[in-house]
Every structure is written in C-alpha cells, then in structure tokens.
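Here's the structure, in structure tokens; my notes come after.
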Amino acid sequence: MSRNYQNFQYPGLNLGSAHPEAHKAAESMMFGFWVFLMSDAILFGMVFATYVTQLHATAGGPGPQDLYDIKSVFIETMLLLASSFTFGMASLSMKYEHGKAQLIGWLTITLLLGLAFLGFEVHDFLSMIDKGGAPERSGFASAFFDLVPLHGLHVTAGCIWLLGLVGQMLRYGLDTRTKLGVMRLALFWHFLDIVWIAIFSVVYLAGLA
Amino acid sequence: MSAIDIIEHPLGRLSLESLPFYKMSQDPTLQNLINGSIAGTAALIAVGGAVIVAGLITYFHGWRTLWSDWLTSTDHKKIGIMYVVIAFVMMARALIEAMLMRAQQAWGLGGGFLSPDHFAELFSTHGTIMIFFMAMPFLTGLINYVMPMQIGARDVSFPTLNSVSLGLTAAGAALIMVSLVLGSFSTGGWFGYPPYTEMAYSPGVGVDYWIWALSLSSLGSTFTGINFAVTIYKERAPGMKLMRMPLFTWTALCAAILMIFAMPPLTVATAQLALDRYLGFHYFTNALGGDPMHFVNLFWMFGHPEVYIIILPAWGVYSEVISTYSGKALFGYRSLVWATMAISVLSFTVWLHHFFTMGQNANINAVFGIASMLIGIPTGVKIYDWIWTMVRGRVRMTTPMVYSIGFILLFVLGGMTGILLANPSIDYQVHNTVFLVAHFHNVAVPGVLFGMLAGYHFWFPKAFGFRLNERWGIFSALCWIIGFMLAFFPLYVLGIMGLPRRSAGYQQAAYVPLEMVAFAGALVIGVALLALVIQLLVSIRDREQNRSPVGDPWDGRSLEWSTASPPPEHNFPVIPEVTNLDAFTVAKECGEAYQEPDEYVDITMPRNSILGPVLGIFGFVLAFALVWRIWWLVILATLATFVTIIVRGFARDLTETVSADDARREHQRLLERVRISPAISRDDERAPVNVGLAKQGPAKVVS
C-alpha cells in the first residue's frame, strides 16, 4: 500500500495519528461496515414500505390510534438519543486515550440506556397485544410487528456485541481489533438511532396525527 | 411450540412418511410407483453420491487435507474453486430435472407419466437451483478466483467473511439436496408466489425448504457483495485506476453493488413469508388485510437486479475471452464500462415488467415497458464492441471462443424477444406461456451459462497448471449450442400456439411434434454435460502433455496471467505497479514482464479459520430444524451460532507471514522456468509445447 494512510479520512470518527496501526487497519474495515449499513438501510426501507402499504389493512381490528402510547414512545426516544450521546462520549474517550476505565464506564451507561429502551419497548408490545393488536390480528398489526421489533432486534444484537467488546477489552486491553470493534459498533448504534427517528415520525407521530 | 410439543414430537414433523417411497409402498398404483421410483432413485443418487465421495476421501486419507487445506482455507483462490465445484454438482442435478420435465411434456398429451405435484417440484427445484445454486456460486467462484489477481491484490478485503459466505451457500445447497431424501420441495416455482405458498394452500415442508435455502444463500450473497465491492475499491495495486481495471473486474464491481442493494428485498420477502407460515402473520394471506401483491413487488425488486447480477460477470468473461483470443485490446473499453454501469442502474427500474398482467394501470405498464426497452441500448453497445474487437484480430477458435460466438448469435435473438415482451400489449398475449420460458432461457443459457463455461475453460489452466482437452471442449460447446436451439426454439412457437408454462400435460395433439424436438434438444444438452465430465477426466489423465506452469498459455492481457500456474498463495512476489490498461500485455511488449524486483519484503497473509465451515454447519442445522419444526434443535443451533460469533470476537493472531526469502525462492523458480521454456506463437497454442510462455511480436504502441 503506497497510499498515504495518514491523510485518509472516512465518514465518522477518525482515530488519526495517535493510533497509526488502528487508523490504517480501519480503512477497509470501516468502509466495509458503511457498505453493510447501506445494505441494512435497504432492509429497513423495504420493511418501512411494507408498513406504509399495510397501514390501512386493519381488517376491522384496532388501528394506530387504539394501540400506540405516545408517552412511552417519547421516553424510549429520549433513552435512545441519550445512549447515542453516551456512545459518542465513549468514542471520544477512546480517541483521546482517557483510559480503559472511562471508556468501559461510558459503554456501560450506553448499555443500560439501551436495555432500558428495550424494556419500555417490550412493555409497549405486550400492552398492544393486550389491546387486541397482536400480529395475527391484521395486515397492519403484522407490518407493525415487523418494523419496530426488527429495530429492537438490532438494538439487542448491539447490546450483545457491546458486552462482547467489553469482554475483549478486559482480556486484551485496547488493541487494534477492539478499537475497530468499538468504532463499528458506534456507527451501528448511531445508525439505529436514525432508524428510530424514522420510526418515531412515520409510525408513531403520523399514526397518532 | 409448547414444552409438551417438544417432548411429544422430538423430531417435529419428521417421520417415515417423509421418505420418498413411502406413498408408493402404501398405495401402489402405477402412477405412484413411477413417481416413487423416480423420487427414490434421485434420493439414492444423492445419498449414494455422498457415501461414495466420503468413501473415496477416507480411502485416500483425504479428510485432513480436505479440512485444513480447503474447507478452513481463507485463500480466495481455493474458495473460488470450491464455489465452482458446488455450481457443477448443482448444475448436474438441475439439468437432469430439466430432461425429466422435457420428457414429461413430450409424452404429455393427456397427462404424462409424472404426477402434477412431482412435475411442479421439478420446475421449482430446477429454477431455484439454476439461479441460486448454479449461476450464483459459479460467478462468485470465478470472481473470487480471478478478480483479486486482476487488480494486483493478495486476497479479498475480508478473507474470513469470504469463507463464511461459502459456508452459507454450501449449507443452502445441502438443504436442497436433503429435500430429495426427506420430504418434498416446494411446488410454488422458483419465485414462490403467495397466497399459494401460504400455510393454507401449501401446508407441507416444501415451501419451508425453499424459504430457508434461499435465506442462507441470500445472506451469503450479501456478504459476498460487500466483500467484492470493498476489495475492488480498497485493494487495487498502485496505479490500478478504475479506468485501468480489466472489464471482468468492472462487471464484478457492478454485480457486487447489485448484490448489496438487491439482496435485502429478497431477505424481507422470504422472512415475511416465513412469519406468515410459522407465526400466523398476515403479510401475504388472502384474509385479514394481507396483500400478496406486496410479495410480488418485493420479490422482483430483488429478482430483476438478480438477472444482471448473474449476467454481468458472464459478459465480463466474454470481454476477456474475446479480447485475448483475438489478440487485440478490447474495442470501446470505455463504452463497455459505461454500458455496464448503465445496465446496473436501469436494472432497478424495470421490476414491474415481470407482472404487467397483474392489475396496475396502463400508464404504469407503459413506463416500465419503456424502461425495459432502454436496457437494449447499452446491451447493443456491448454486442457491437465484442464484434469490433474480433474484426482484424488474430482470432483463434478455442473452446471459450466457440461459446462466445454462440453467445453473440443466440443472445441477440433472446434480446429481440425481450424487446417484444417489454411491450405490455404483446406481453398480455404471451404472458404465462412457454414463449416466456423460451425467452428467459434464451438470455440465461447463452448469456450466463455459456459465459461461465467459457470462463471455466479460460481460467482452468491458471488454477490447475494444465489445459483442458480442446477436442472434447469444442464438442461439448457445440452440443450446448445445438441442444439449446433444439430445446428452446420450439418453445417460442408452442408459446404462440398457446401452451401455458408449467403444464404437466395438455390436450392438443398439435403440440406433440415440437415437444419431441424440444426433448431431443434436452438429450443433446445431456450429452454436452457428459462431454464436460469426460473432458475433465481425459484432461486429468493427459495432464503431463498439457502442462503450462509458466502461467500464460493464451498470451493473456491482465495481471492474473503474470503469475505461475497455479499461483502461490500470496499471488504476487511483490505488488505490481500498473501504468496502463491491459497491464500484463504492456509489460510483455515493453520487455518488463518476468523481472526480478529490487527487493522482496515479508508478506502478511490471513490464517485459516474454522469460522466459515462452522457457521455453515450451524446454518444448515438451524434451517433443517426450522423446516421440520424440531424446536429444541432450533434453539440449540441459534445459541451455537451466537456463541460462535462472540467467541470469534476474542480471536487474535489472525495473520501469518510469508518471509521475503520464501517469496524470493518462489519467484525465482518461476523466472527459472521462464528462462528454460520455449516461447510459443499463437499457432502452437493448443500443442503440448505450450508450457505457458507467450512469444512476443514486435512491440507496438498501446494507447
């Protein structure tokens, strides 16, 4: 590789010259992860399309007005946005080498916020099923339970990944592979935040408007 | 799905009834006997084949080699070869099914010998296999083998992910093979339209086999697409600008981009169908707000780009083959690149032409009809470019060239019928007839399959160090071409006469003569496949006379020909510097080929990894358990998959080093061979004297 990797910049947080080895290794890895996120975005796009086309297919069952609880959803939104902020703090703490403890601290807060988000979400789902909005009820309910839990599953996967990374940090310290892992999980986490904003707008705000 | 269920039915829906000859033994009518015998024979071939292969490996003490040199390998070249092996095995099966179908229709006046369900299974597996487990592995294999070397790289960007993709594809293929033995496959066609494929109408395991085989394969292809695209963007040798890439690499890039964007709709469609079938959701059901049309849209949003995923790499092969065997630079390189990109973009704008008759208004049909016709323009550009490449070239009629010229002639016909079908008013007349079957085979067989086979012949000596037998190769190619014409041209006429596609039988005696011709064509194609097998055996027997270890038997133009055959694991002793299109031709003409570099450096290569085969096995077990609803196994396999991925995160020390000394020794062996080998002219290309060193003509300026 004759390219001057020091000058190479990719979208998102760059580790830069303090981490030459990881910065160089990040070139293909981060680009690859961006490409994966593009593919994942298409996946969400298709599921959004399903939701929009099935919006009125309630088949006489309950619709958005009967099922959604904006208060709970607002709390979820705040939790997720806060977790994105704390992940941002974790990324900065890694870049400026504030030590493993601080990094793990920020990541732990992020994890707790993520778990709290999932807790509220599961509570939402259960109460919707309680109100007669289970996915078997109608095309609309099926579409809802495809889109929103798909995001939830992504967050769950992110939480498991985060735990794995913390485990790797405890075992190996902050080596190149762990750093790249944190950087990819950060992109993933922020990406899920953006998807959630779309869900909040398209599903909840539009559904209750 | 309750705990009691698990205890009462530990094997889910699996029972004696799942065996192919069960129905025959319970109710021995003549038709059941015929169908049961055919299905039973197929199952025996699948099981027997597996047993024989396992026996041979044991006999030759090959398990260790198989595991540590092949299955766990992260070398893009070995992974490529394994993909092509899968493609050939699956092709053999799907081709036998095609011959059975032609036989059924040839004797189909009043019903035929197969039951309608059995016939439906045959066309469903034939289509599913040919697209997902023949064309896809074949092109993925060729790209894997060739592309990294063409751009002067040592491997793909993510070698372990590459091995995982292979594992998932193999798991999908294995699942389809198992459906021969246990239970039966879907009868819903390769696109599995609901509501027919919903639980209400297809309660058996067939559709589930289809869903999970496709899911495994599409997941693998998504990863492959990401891997190839990143490799081409990031791993090119210094000086290898985009516009200096060989055309095959360009088509690989376009196919990879299409995979990244076109696979997700398929994943969504099959996942939603699975939710409908397993958990009673209502995406595509008739009742309670389901919308089957939504599946059709999702499927073809994948399905149409898929057509170009499989055909673009084949066109890349033709570009390499025609330019190499004409001894000329590709005519209109830039226009070919732009045409490829244009086709890739347009491929996302035409999906609706697969269902003009399904209820949207005339204006929408018109828009998609025009978009479909537009694709003819860049495709036409390509055809002219290939023809002009041959003009005044030194054309040699080798096997890949026979395929290429057969392709140009036949594909133009297929393209013409495509333009006809792109007109919605004509489509209404011939929709759902065998005219359509003739059309898409007319583009897919010469367009894709001939290209893949041409690539197999072209790069075989690179991969194994000896050339394939030309006599059998040309015989096989001619059989493919003639067999294709006999098998599919009659279907155009039959389609216009009104024969619906997928008919297990018919009542019009007028169909019989043409059906017989089509059956004869299928037999000729069978001979072509047999000839390919014989060719391989003969070539292995005569390998000593056909060795070309120096690595450049065809006077090749791109970098893969500059290394030894077979190439060392690290491909190049030092990363080449590229200054021009047709990098190796330029090097040869300027006398810069086969030079010793100033210095050798240590080379970092990826280590073997068990991740690919392990995830492949877990993926297969998970899919199998889902098909048969063996819930405890589903849970176990899911957990195992998760644990594997997490444990993999803790893996370190993933690379190994090839020392500069080893790289030097390896390279000097090649240079020594170059010194002692005769340089041959193009007249002796197919003679034993061709050990892979090409004689250079007078140097000329290459722009």
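Read the figures in this text as sums done on the coordinates, not as results from a lab. Since this is a predicted model, take the numbers as computed values, not measurements. So basically every Cβ, Gly included, is an ideal-geometry build from the backbone, and we count neighbours across all protein chains shown.
Here are some notes:
- Cα-based helix-to-principal-axis angle, B:660-676 vs chain B, degrees rounded to 10: 80 degrees
- Computed Rg/Rh of segment B:383-453, alpha carbon atoms with Kirkwood Rh: 1.10
- Scattering curve values for chain B, log₁₀ I(q)/I(0), Debye with Cα scatterers, q = 0.05, 0.12 Å⁻¹: -0.24, -1.44
- Antiparallel DSSP beta bridges within the protein assembly as shown, as percent of all bridges there, nearest 5: 75 percent
- What separates the Cα centres of segment B:381-451 and segment B:18-71 is a distance of 37 Å.
- Projected area, mean over directions - segment B:595-703, Cα convex hull, nm²: 14.2 nm²
- Between A:Lys131 and A:Leu153, the contour length at 0.36 nm per residue exceeds the Cα-Cα span by 5.6 nm.
- Net dipole in debye of the protein assembly as shown [+1 Lys, Arg Cβ; -1 Asp, Glu Cβ; about Cα centre; nearest 20]: 1680 debye
- Rg/Rg_ref, segment B:11-115, where Rg_ref = 2.2 N^0.38 Å and atoms are Cα: 1.47
- Translational D in µm²/s for chain A (Stokes-Einstein at 4 °C, 1.567 mPa s, Kirkwood Rh from C-alpha pairs): 70 µm²/s
- Considering segment A:43-117 at the alpha-carbon level, its Rg and Dmax are found to be 18.5, 58 Å.
- To the nearest ten degrees, helix B:159-181 and the longest principal axis of the Cα atoms of chain B are 40 degrees apart.
- Here the Karplus relation 6.51 cos²θ - 1.76 cosθ + 1.60, evaluated at θ = phi - 60°, turns the backbone of segment A:145-154 into coupling constants of 6, 8, 6, 5, x, 4, 5, x, 5, 4 Hz, with x for every Gly and Pro.
- A simple charge model with +1 on the Cβ of Lys and Arg, -1 on the Cβ of Asp and Glu and nothing else charged puts the dipole of segment B:606-700 at about 160 debye relative to its Cα centre.
- When DSSP beta bridges are restricted to pairs lying wholly in chain B, around 75% turn out antiparallel.
- The Kirkwood radius of segment B:380-514, taken over pairs of alpha-carbon atoms, gives through the Stokes-Einstein law at 25 °C and 0.890 mPa s a diffusion coefficient of 148 µm² s⁻¹.
- Cβ-derived FRET efficiency at R0 30 Å, A:Ala59 paired with B:Tyr428, nearest 0.05: 0.40
- Label-point gap, in nm, between B:Thr655 and B:Ile540 - each point 7 angstrom along Cα→Cβ: 3.7 nm
- Segment A:26-140 - percent relative contact order, Cα under 8 Å, separation 6 or more: 40 percent
- Filtered chymotrypsin sites (Phe, Trp or Tyr not before Pro), segment A:32-100: DSSP coil and at most 15 other beta carbons within 10 Å: A:Tyr96
- Total formal charge among the other residues, if their Cβ is under 13 angstrom from that of B:Thr285, Lys/Arg +1 and Asp/Glu -1: -2
- Using C-alpha pairs under 8 Å with a sequence gap of at least 6, the mean separation divided by the residue count of segment A:59-198 gives a relative contact order of 31 percent.
- Computed E for B:Asp662/A:Glu21 - FRET, C-beta separation, R0 22 angstrom, nearest 0.05: 0.35
- Most mobile of A:Leu81, A:Leu153, A:Leu165 in a GNM of chain A (Cα contacts under 10 Å): A:Leu153
- In this label model, A:Leu205 and B:Leu44 are separated by 6.8 nm, measuring between points 7 Å along each Cα→Cβ vector.
- The calculated FRET efficiency for the pair A:Val122 and B:Lys241, based on their C-beta separation and a Förster distance of 51 Å, comes to about 0.45.
- Total formal charge among the other residues, if their Cβ is under 11 angstrom from that of B:Ser186, Lys/Arg +1 and Asp/Glu -1: -3
- Leading residue at positive end of dipole, segment B:1-128 (Cβ point charges), from B:Gly49, B:Gly110, B:Leu122: B:Gly49
- Average projection, convex hull of the Cα set of segment B:263-405: 10.9 square nanometres.
- Whole-Å distance, taken between Cα centres, linking segment B:471-530 and segment B:86-118: 12 Å
- Spin-label pair B:Met341/B:Val493, simplified geometry with 7 Å Cα→Cβ offset, distance in nm: 4.6 nm
- Between the residues B:Ala587, B:Gly556, B:Pro576, the greatest Cα displacement towards the positive end of the dipole of segment B:554-703, with unit charges on the Cβ of Lys, Arg, Asp and Glu, is found for B:Gly556.
- Among A:Leu113, A:Leu15, A:Leu126: highest mean-square fluctuation, GNM of chain A, C-alpha pairs under 10 Å: A:Leu126
- Gain on full extension, evaluated as 0.36 nm per residue between B:Thr579 and B:Ile34 minus their Cα-Cα distance, stands at 189.8 nm.
- With the gyration tensor restricted to C-alpha atoms of segment B:523-614, the semi-axes of the equivalent ellipsoid amount to 32, 22, 14 Å, longest first.
- Alpha-carbon centroid distance for the pair segment B:251-326 / segment A:21-73, whole angstrom: 19 Å
- Between the listed residues A:Leu126, A:His56, A:Phe200, the Cα displaced farthest toward the positive end of the dipole of chain A, a dipole computed from Cβ unit charges relative to the Cα centre, is found at A:Phe200.
- Cα extents of the protein assembly as shown along the three principal axes, largest first (Å): 82, 81, 60
- Computed extension length for B:Ile57-B:Ala200: 47.0 nm, one decimal, from 0.36 nm per residue of separation with the Cα-Cα distance subtracted.
- Short-range pairs are left out: with C-alpha atoms under 8 Å and at least six residues apart, the relative contact order of segment B:409-523 is 34 percent.
- Percent of Cα-Cα distances greater than 20 Å, calculated over segment A:92-209: 50 percent
- 11 Å reach of a label modelled at A:Phe85, 7 Å along Cα-to-Cβ, counting backbone N of segment A:122-155: none
- Label point at B:Thr644 placed 7 Å out along Cα→Cβ; residues across segment B:594-613 whose backbone nitrogen lies under 18 Å: B:608-613
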